[in-house]
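> Below is one structure. I have some questions about it.
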Amino acid sequence: MEGESTATIKLTKSEIEWTIIALVWMEKSSEEFRRPNDVTMFRKIRKDFIKIKEDIIQGEKEIEIRNKTEEKNRASPQACETCIDW
């Protein structure tokens, strides 16, 4: 596959999840029809999508933690004292 063109696409997390499910079915079908090259290809693509999904989940967690920290900082008495000094 070297030298092939690539494309960037945008997918939601749920679209990625549905793609993973479809790839699992493609793997199973390829196994049934004894097409080992297809099984290997679908498995690789599925693993790539799983990694992307995990990265998205990790990013969401980091954003949530950052938002909670910012909220906590805004609500702290020290933040209020700083505002009063202005």
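Just so you know, all these numbers are worked out from the coordinates, no wet-lab data involved. These figures come from a predicted structure and were not determined experimentally. Positions of Cβ are generated from backbone atoms using ideal geometry, with glycine treated the same way; all protein chains shown enter the neighbour counts.
> Of Glu70, Glu31, Glu15, which residue is touching a helix residue (DSSP H, G or I) at 6+ places or on another chain (Cβ under 9 Å) and not basic (Lys, Arg)?
Glu31
> Right, something else. Just to be sure, is Glu17 surrounded by fewer than 12 Cβ atoms within 10 Å (Cβ to Cβ) and among the charged types (D, E, K, R)?
Taking the combined requirement at face value, the residue does not satisfy it.
> Still on this structure, I have one more. What's the total number of residues in the stretch 15-34 that are outside any helix (DSSP H, G or I) and of a type in the set (Gly, Ala, Ser)?
0
> Something else about it: Can you give me the number of residues within the stretch 28-76 that are surrounded by 10 or more Cβ atoms within 10 Å (Cβ to Cβ), among the basic types (Lys, Arg) and over 17 Å from Ile16 (Cα atoms)?
Residues that pass the stated criteria total 7.
> Now, a different point. In the stretch 13-29, what residues are within 17 Å of Asp48 (Cβ to Cβ) and not aromatic (Phe, Trp, Tyr)?
If the condition is that a residue be within 17 Å of Asp48 (Cβ to Cβ) and not aromatic (Phe, Trp, Tyr), then Lys13, Glu15, Ile16, Glu17, Thr19, Ile20, Ile21, Ala22, Leu23, Val24, Met26, Glu27 are the ones that fit.
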